[in-house]
Amino acid sequence: FELNAECQGRRGVLMLNGVAIQTPCLVPYTEEGHLPSLTPDIVDQLKLEMLQVSLQDMWPNLQMMEKYGNGIKKLNNLENHLYMFISRDPLTYYESNKNNVSINTKGGIRTVSSKDYMQLARSIQPDIITSISYDISWVSSNKRKRACVENTLKWLDECLELKQVDDIIFGTIVGGSGEMDRYYSATQTSQRNVDGFMFGGFGLDEEEEEKYRIVNKIIENIDASKPRAITDQGDPVCVMELVSHGIDIFNLTYPHTMSCLGIAIVFPLNNFDTQQPIKLDLHSKEYQLDQRPLVENCECYTCKTHTRAYIHHLINTHEILRRILLEM
């Protein structure tokens with residue numbers, strides 16, 4: 001990871017398997033490694049360099065992935081993209097027990113050890129592996145916060161013991177809302193041989209001010225030369241704020257969630273104004289005859305070829321094309 005500039009945020013280049021990724025960057029949500037409703041050729045057009053894939057999604061496919069043997073990129077025909085393997089599906093939350101990470105699969109609740117986790121990582125062949133995290137609510141007791149930190153550090157050590165030469169492992173920092181717990185997690189993780197940091201336990205039930213306070217506490221106590229990723233975050237205003245705090249990599253479900261709800265994200269990439277609307281609810285009848293694009297002067301396929309009125313029609317007739325156009 002090469003840090004190019006540090007002003008109100010950070011700009012850098014992350015080198016992974018010969019691919020240079022400009023940071024800050026987005027790592028969008030996927031289902032079993034592919035973007036919902038989008039074909040590989042469309043994903044290529046979006047120029048998304050890295051995608052996320054979760055333990056919960058892939059655990060039921062372990063035997064199939066091992067038998068296949070060529071990894072998730074080839075399986076999904078997305079060989080031009082990088083993958084980050086994460087331990088928590090950002091759209092679901094299930095508290096782990098005190099000894100193993102728990103996940104909610106189609107076959108019920110399953111517990112997964114560090115050995116299982118790394119075995120699955122071997123079959124997926126991701127470019128970044130984030131260590132297993134013990135996720136808790138931000139209103140958890142102090143005892144739960146301590147257990148959360150201790151277990152996550154234990155699992156990080158076990159993942160590092162199983163690390164192979166070419167593995168890139170990001171250590172996950174946890175602790176809920178506890179400043180001292182986050183401090184201990186951050187300092188201990190930074191002392192280990194990790195390639196970057198995942199700020200874990202965010203995107204659950206934290207308040208905005210509390211989130212930024214904890215992010216700053218973590219940043220004060222980790223190696224500044226290594227990349228920083230953060231779990232599921234919200235709208236563009238939140239992302240811009242976190243960029244100013246020094247986050248490099250964002251695991252996001254917001255675009256996917258909005259497209260599922262029939263809401264278009266609309267904001268200018270230049271001259272970003274936090275006072276302007278950032279989304280349009282296209283269910284509304286006010287768009288029934290609106291012949292404007294979603295965003296004026298936007299060069300994306302959706303804005304160049306379709307109107308608000310047409311997408312409003314697709315939403316109200318429940319056409320799958322609505323999600324495709326909004327995801328793009």
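Entry remark, segment 187-202: residues being open to solvent by 30 Å² or more (accessible area, probe 1.4 Å) and either under 25 Å from THR253 (Cα atoms) or aromatic (Phe, Trp, Tyr) (or both) number 1 in total. Here ILE324 does not fit the description of being hydrophobic (A, V, I, L, M, F, W, C), assigned to a helix (DSSP H, G or I) and over 21 Å from the mean Cα position of the chain (by Cα). Of all residues in segment 178-186, one or more are surrounded by 15 or more Cβ atoms within 10 Å (Cβ to Cβ) and under 25 Å from ALA5 (Cα atoms). Within segment 106-132, the set of residues being part of a strand (DSSP E or B), crowded, with 17+ Cβ neighbours inside 10 Å and among the polar types (S, T, N, Q) comprises just one member, THR130. The set of residues in segment 147-169 being assigned to a loop (DSSP other than H, G, I, E, B) and either open to solvent by 40 Å² or more (accessible area, probe 1.4 Å) or in contact with a Cys (Cβ under 7 Å, 6 or more places away or on another chain) (or both) consists of LEU162, LYS163, GLN164, VAL165, ASP166, ILE168.
One residue stands out in segment 34-75 among those that are surrounded by 15 or more Cβ atoms within 10 Å (Cβ to Cβ) and of a type in the set (Ser, Thr, Tyr): the one that is farthest from LYS106 (Cα to Cα), namely SER37. Based on this model, can you work out whether VAL139 counts as at pLDDT 90 or above, over 23 Å from VAL53 (Cβ atoms) and touching a Ser or Thr at 6+ places or on another chain (Cβ under 8 Å)? Against the criterion (at pLDDT 90 or above, over 23 Å from VAL53 (Cβ atoms) and touching a Ser or Thr at 6+ places or on another chain (Cβ under 8 Å)), VAL139 does not qualify. The criterion of being loosely packed, with under 14 Cβ neighbours inside 10 Å and either in contact with a Pro (Cβ under 6 Å, 6 or more places away or on another chain) or in a helix (DSSP H, G or I) (or both) does not hold for GLU241. Being within 28 Å of ILE168 (Cα to Cα) and either open to solvent by less than 40 Å² (accessible area, probe 1.4 Å) or assigned to a helix (DSSP H, G or I) (or both): is that true of ASP290 here? Against the criterion (within 28 Å of ILE168 (Cα to Cα) and either open to solvent by less than 40 Å² (accessible area, probe 1.4 Å) or assigned to a helix (DSSP H, G or I) (or both)), ASP290 does not qualify. Restricting attention to strands (runs of 3 or more DSSP E) lying wholly within segment 1-45, give those where 1 or more residues are among the polar types (S, T, N, Q) and in contact (Cβ under 8 Å) with a residue 24 or more places away in the chain. Once the strands (runs of 3 or more DSSP E) in segment 1-45 are filtered for at least 1 residues that are among the polar types (S, T, N, Q) and in contact (Cβ under 8 Å) with a residue 24 or more places away in the chain, what remains is 19-23.
Considering segment 214-238, and only residues there that are more than 19 Å from PRO28 (Cα to Cα) and small (Gly, Ala, Ser), the residue that is surrounded by the most Cβ atoms within 10 Å (Cβ to Cβ) turns out to be ALA224. Scanning segment 69-88 for residues that are out of contact with any Ser or Thr (no Cβ under 8 Å at 6 or more places or on another chain) and assigned to a helix (DSSP H, G or I) gives ILE72, LYS73, LYS74, LEU75. Just so you know, in segment 308-328 the residues that are of a type in the set (Lys, Arg) and modelled with pLDDT under 95 include one that is surrounded by the most Cβ atoms within 10 Å (Cβ to Cβ), and it is ARG322. Restricting the first member to segment 162-176 and to residues that are over 17 Å from THR231 (Cα atoms), and the second to residues that are among the hydrophobic types (A, V, I, L, M, F, W, C) and at pLDDT below 95, the beta-carbon pairs closer than 7 Å and six or more apart or on different chains are ILE168/LEU16.
The values are calculated or read from the model by the stated rules, or taken from the named source; none is laboratory data. Everything numeric here is computed off the predicted structure, so don't read it as measured data. In this analysis, Cβ positions are derived from the backbone assuming ideal geometry, glycine residues included, and neighbour counts consider all displayed protein chains. Protein only, heavy atoms only, side chains kept; ligands, DNA and RNA dropped before computing areas. Shrake-Rupley method; radii C 1.70, N 1.55, O 1.52, S 1.80 Å.
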